Every structure is written in C-alpha cells, then in structure tokens.
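In what follows, a structure is listed as structure tokens, so that the remarks can point back to it.
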Amino acid sequence: MKNVLNFCLGLCFLLTWTSCSDDIIPTQELDLTQELQDQHVIEKRNCGTEDHMLQLLSDPTFSASYNKRIESFRKFAAEHTVESRELCANPVILPMAVHFQDVPNPDASCLQELAEAQIAILNADYQGTNSDISIWQNSSSSSFPGLSNGEACIEFCIATLNHPSGYGLNDGDLAVTINATSGDNVSAWSGYLNIFVQFDTGVLGYSPLGGSGNGDGVVVDANAFGAGAGCGSVVPSAPYNLGRTLTHELGHYLFLDHIWGNGCGQDDGIADTPNSAEEYYGCPNVGESSCSSTDLHMNYMDYTNDACMYMFSNGQAVQMENYVSANLSNLVSNAALVCGVSDGGGDDDGGDDGDNGVDQCQNPTDAVVSEIMQTTAFISWTAIPDVVNHRLFYRKLGTSGWTKRNFTANSYTIINLDPATDYEWKIRTLCEDGWTTISDASFFTTLAEGDDGSGDDGDDGDDGDGGNDDITECQTPMDAEVTDITQTTAFISWTAIPDVINYRLLYREVGTAKWIRRNMTINSYTFINLTPDTEYEWKIRSKCEDGWTPITDSAYFTTLEDGGGDDEDDDTGCVTVDFSLTFDYYSSETSWELLDENDVQLGSGANYQNGLEGSTITEEFCLEDGCYTLYVDDSYGDGICCNYGDGSFELTDQSGDVIGFSDGNFGYYDSIEFCVENGEASFKEESKDTKAANIQLKQINSSN
C-alpha cells in the first residue's frame, strides 16, 4: 500500500518532490516545418509548481501555515479511509474567480465566454463526464485491471454574487476581472479559488501544492487557457488547446503530485496509481511500462498532450475530496454567498410524477430494463428535453464498485455482463444547471448459460424470425453473422441500422494483441488476407449522431484449411490511379483503406509514427472497371488539418488530373467514392463527418 504523501516538513519535503520545470525542447528537434513553428510552437509540457513552492516555503509564516494544512489533511485522510465509495449525489461547490492580466485590447464578453468554457471543461474532467473518458471506458482501462477512473464529488462555479468591491462587478456578473489584478495572490479575493491568466510565464502554469483559499490560486499561461479559437491575444495553442493545463495545475492546488512521483523508488502517494519511472510527453501508446508495471500516462497529472490525457484515478479523486474537506471549508462556505447555491446541487422536490408529460430536464422516471440476455441488457426511458447527458451506474449485487456510463440518448445496451447474475442499477441526468439526484436502485437478473431467451419475457411478442426487422433507431448491430468463410476471406453482414454515420468493425487473430479496425457505411464487409486454418475474434459498433454505441461482445470464426487452389490473377486492362496522403503532426492517428464495390480491400495503411507533419506517401493502384471507395480515418476525431499541420489527400489519374481531393478538415473519417469506366476514372461522391473537438466545444458551451 502506498503511503499518503511522505512529507518532510518544510523545505526538505520539496527536495524529494518531483520536478515540474523541465526545459522547453527546441522545436527543431520535433522536425516541424518553419511555418508551423511560427504559428504553434509544439514544446514539452512543463509546470512551475516546484519552483513556486520553494519560493513560498522560504517564508517562515507561509511554511508554518502550510505544515499545519498538511497535518490537517493527513489526520482527516487517516480518519476517513474509503472502503466502498458511494455515488456522488450532491457535489461540494467551490467558487472561482478568473483574472485576466495585462491583456492588450481585451474583448470582455469573449473573455467571459472563454472563462465559462474553461470551467465547464474542468467540471467535466473532474466529474468524469468528459467526452473522451469513453477512450478509458472502452479501450485503455483493459490495460489496468482493477483500476477505476475517478469522479471527484466537486463542482466548480464562477461566482456571480456579492463580489469584492472595487472591481466594477455587480450581482449577476461573472467573477471575471480583466487587467484589474497582478501577481498570483490577491487578498481581496480570499474565499475564492482564483485563476490568474498571464502572458509569457515561461511555463504552462503553476500552483501551490495544496492551496489555502486565502487569495492564492492557479496561474495559467495565456497560450494554454481554455479551448478553441480563444480571444484576441489569449489563444490556447496546440497541443495544449483543450483546457487540460488548468485541469493539471488545479490538481496540484487540491494536493495531487505528478503521476510519476519521483521515479520508481518514490511514487505519487496515491494507492491506485502505478509507479512510473518518469514523465511522458506527446501521445504515447497505451501499454508503455516502467517500474515493472503499465504506466498511466493518460492521467491528467502526467505531461502528455491535452488530447492524450483524459482521466483521474479513483484514489486521486478521494485525495482531492479529502483535501477540500480538511483545508478549504472557507471556499465551501463562501459558495452559498457568491454562487447562490447550498452545499450540494440537486433540489429534492421530486414531485414531478407525470410519466410521459416530461417538459423539463429531469431524471428519467420510467426507465426500464428489457431484452435481458446472458451477457447483455437494454435500458430505455422517455426522452428528456435539454439533457446534457445521462449517467448510468450498475454493478453486480453485493459488490462495491460501480461501472459508470455517460451518454445522451434515452437508451443504452449494457454489455459484458455475467450469466445468471443479479445486477443493481441507478441513473441520473446532467442538465444545464447541474446534476439531478440519483434514482433509487433497481434490479435485474441475466439469463443462465444455454437459455436463449426466445419466447421468455414476451414483451412485444416479436418472437419469430428476423427479430431485428423493426429497428427504428440508430444502435449497435445485434444480428451480425459471418458466412462464406474460405481459407483467406469471410463475409459479415447484419440488418441495416437507420441513421448510422458509419459502422466500425474490429477483428484480430485469437491470441494476438492488436485489433484491425475497419469503418464502413454499408451493412456488410468482406474480410480479406486472412490466414488459413486460423481462429479470428470480432466485434462491431455503430456511430450515431450522438456518438458511438456500445461495442458487441466478442464473436469468433475459423478460416478453412489451405487446400492449395490457385487464385487466378487476370491482369487485363486497368486504369492507374495514384493516392497521395499528406500527414499532420499526429500521423499515428491516421489510417486509410481502398475498397472495391464488394468491400474487398485493395490497399491500406496505418500505425504511422507521429511527427511526419508535411510529409507525403503515394500509393499506385491499377483498377479495372467498377466503383471504389477510399477511406481516410483519424482515430482522435479532429481530422488531419488544421490544428497540427496542413494534412490532406487526393486521388489522381494517370494523366495527373485530380479525381477527388480532401483538405483534411474532417472528424473521424473522410471518404471519396469514384468509378472507373472505359479507361477513365471519375469522381462520384465525398462523405465526411465534422471535427469531434468542435462538437465537444459546442456541447461545453451549450452546457453553461
């Protein structure tokens, strides 16, 4: 068990504390083009917390009060050990004030909106409702068995009432000051968690390691505050343009160390975070390891890029809650005065019975679990207006840990359940003004092995054949089946799902680690280049307007033994088509494939190394008459232009004429359909989605 932070009182503690101020790496080492260097310098994440603390602790008065806070925290934490963590019904509110300093020609309303969007990002990150937490839930968590993401029972609020005098703020105004403060401690703003946005700090940010709420706060560089386009000279620059610098530095204020502590011998003091030898930068692959364990570099307290950090651990969330309880009661009590809220959100009135007459954002009152099988169950309810998202909690009856899932639709398929097992579930809704109360617990039992569920439950008498024929909403394909299996190919198909943006199929040889991913818009696919006499595992999901559906359980098929027959290769007349792809900096996120009209793959590429920004690959194909689709995918959802370089792709014919072109400005995918006929290639259609980052920002802005 790790100790709760080993503090030497005073300066000797800081001699063992992890270093926060790594030197900036020259951009030339990243091999970027000069143009990109001029626009957005990509440099290593750094923070100035250690230097800041050394300076603060040189003051004996500060040192004495700081040591008192540490003792207070240690005592509280020792008396409040957490065996089973309860769901957060009423988060503790912490009032905030945002101070922009030395901004030339400020646009006040724009800066206020930027501050609101940044605090919305904070709330999502700390409460585990950030959209990219799905990466943890659906993928990377499998590398950390037994480790849960943290959801701190804390909510941040920009104050709107009873502002300090002398700042020109009236009741109803946001506590956002512009060019009215200086430095990193303003005593008039005691009782607030202050954010100081400054220029040319030399680091991305810094904070006291454990704040006091007595006028202190967190400093963030103006080029790392907020997300999106920014305001005038306050512009978040890639790759620190998703608001995660403040998430990181505020973790220090609430008493979190860097995830790597001080190397393998001395960790960060949190029991559930694995030891790590040192910090990570950029976007490392999941599975990187040191200190004989897999490293949790997607944690907010590491040094990775904003796009590649997306979770706290449960232990970190508990530590922050304990620090608030032990030392920041001045902030908590001030929230009622300046944010106009009591200790926790959710008024309890509950009186809104009227089943289907839902006319305001509230908890689902008619949620019901149906279509229960051995490993899946379907939950649905009447749609609620103005929902930001829903949160579903479920667990095996009698166990302590809840599984949490966030989504915006009014239904969800729970997967990977155990057969013949009792489950408990609860639900709540995030509305514009915060979370509703959590529903009472309800229960269901999965079917036993061997029970196919046919005819039981006769809910809508939809027994017979083709049970999926009346699908009316976008969902996961539940009847996908693999047929026509040969030595090297297999065909998969399923009932078409309405309103699908695209499907994603994952498959791999059983026993291997890496999944092959294929995106398509039609409801069938041909696997090619398989190995004879080999067992394969596959899963599938859909992308709907409101995001990805749950992925199916694994299913399996085995290719035929090699019978030695020949694949005649008829190389008759064909048309030469060239595919050129220019990368952005995050080339590891890019993959592509060329399919014919029968979904047979004619070429593909993936697993490129980051840092190829500006470089181009070219592939040549000799294509017979028929129609084809070229897909280019971005796994993060921000396309290949224009935040991290000017990526693009094009198809040209043998004369050099362009058949189809993409400027790289898409989300998860961009596809070009074209046909070859009578020796000529012609463009047919382009299909692409919008940037996920823009969608996320839109959701953040609309939730305020």
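Could you state how much accessible area C110 has, in square angstrom rounded to the nearest 10, with a 1.4 Å probe and all protein chains kept in place?
Rounded to the nearest 10, that gives 30 Å².
Counting only protein heavy atoms and a 1.4 Å probe, tell me what percentage of segment 57-165's accessible area is made up of carbon and sulfur.
48 percent
If you line up the Cα atoms of segment 183-314 on their principal axes, what length do they span on each, largest first, in Å?
48, 32, 25
With the Cα gyration tensor of segment 483-632 giving a ≥ b ≥ c as the square roots of its eigenvalues, does the rule (a/c under 1.5 for rounded; else a/b larger than b/c for prolate; else oblate) give rounded, prolate or oblate?
Since a/c stays below 1.5, the shape of segment 483-632 is classed as rounded.
Ranked from the most accessible area to the least, with a 1.4 Å probe and all protein chains present, what is the order of Y300, Y281?
Y281, Y300
How large is the accessible surface of K396 in square angstrom, using a 1.4 angstrom probe and rounding to the nearest 10?
Estimated to the nearest 10 Å², K396 gives 80 Å².
Obtain the nm distance between the two label points defined at S554 and I415 by a simple spin-label model: each point lies 7 Å from its Cα along the Cα-to-C-beta direction.
Going from the S554 label point to the I415 one covers 1.3 nm.
Rank-order 613-624, 202-213 by packing density, defined as the average count of other C-beta atoms within 10 Å over each peptide's residues, highest first.
202-213, 613-624
Calculate, in nm to one decimal, what C627 and D102 gain on full extension: separation in residues at 0.36 nm each, minus their alpha carbon distance.
Stretched fully, the C627-D102 segment lengthens by 183.1 nm.
What would the Debye equation give as log₁₀ I(q)/I(0) for segment 177-251 at q = 0.13, 0.17, 0.18, 0.21 Å⁻¹, counting only Cα atoms as equal point scatterers?
-0.36, -0.61, -0.68, -0.90
Can you tell me how much longer the chain between S292 and T365 gets when fully stretched, taken as 0.36 nm per residue apart minus their C-alpha distance, in nm with one decimal?
That works out to 21.5 nm of additional length.
For V218, what is the net charge nearby, where nearby means another residue's Cβ is under 10 Å from its Cβ and Lys, Arg count +1, Asp, Glu -1?
Net charge around V218: -3.
Quick one: which residues, 5+ away or cross-chain, put their amide H under 5 Å from the amide H of H390? H built at 1.01 Å from N.
The answer is F407, T408, L430.
Relative to 2.2 N^0.38 Å, what does the C-alpha radius of gyration of segment 56-151 come to as a ratio? Two decimals please.
Rg over 2.2 N^0.38 Å, computed on Cα atoms: 1.56.
Multiplying the sequence separation of D272 and R508 by 0.36 nm and subtracting their Cα-Cα distance, what value in nm do you get?
Contour length minus Cα-Cα distance gives 81.9 nm.
In Å², and per residue, what accessible area does segment 520-667 have when probed at 1.4 Å with the other protein chains present?
The answer is 45 Å² per residue.
Once you've got the Cα coordinates, tell me which of K404/K543; K75/K404; K426/K543; K396/K539; K404/K688; K68/K404 are over 29 Å apart.
K75/K404; K404/K688; K68/K404
Excluding W538 itself, calculate the net charge of residues whose Cβ lies under 12 Å from the Cβ of W538, where each Lys or Arg counts +1 and each Asp or Glu counts -1.
Computed value for this residue: +1.
Can you pull the one-decimal nm distance between simple spin-label points at E449 and S655, each 7 Å off the Cα toward Cβ?
Distance between the two pseudo-spin positions: 6.6 nm.
How much solvent-accessible surface does V500 expose, in Å² to the nearest 10, with a 1.4 Å probe and all protein chains in place?
40 Å²
Express the accessible area of segment 42-156 per residue in Å², computed with a 1.4 Å probe while the remaining protein chains stay in the model.
Roughly 42 Å² per residue, with all protein chains present.
So what's segment 471-560 giving for Cα Rg divided by 2.2 N^0.38 Å, two decimals?
Against the empirical 2.2 N^0.38 Å value, I get 1.07 for segment 471-560.
Find the Rg to Rh ratio for segment 605-674, where Rh is the Kirkwood radius over alpha-carbon pairs and Rg uses the same atoms.
0.97
Quick one, can you get me the convex hull of the C-alpha atoms of segment 374-446 expressed as volume per residue in Å³?
85 Å³
The values are calculated or read from the model by the stated rules, or taken from the named source; none is laboratory data. As the structure is a prediction and not an experimental result, all values here were calculated from the model. Every residue, glycine among them, receives a Cβ derived from its backbone with ideal geometry; neighbour counts consider all protein chains shown. The protein model used for the area step is the full one, side chains on, heavy atoms only, and it has no ligands, DNA or RNA in it. Shrake-Rupley method; radii C 1.70, N 1.55, O 1.52, S 1.80 Å.
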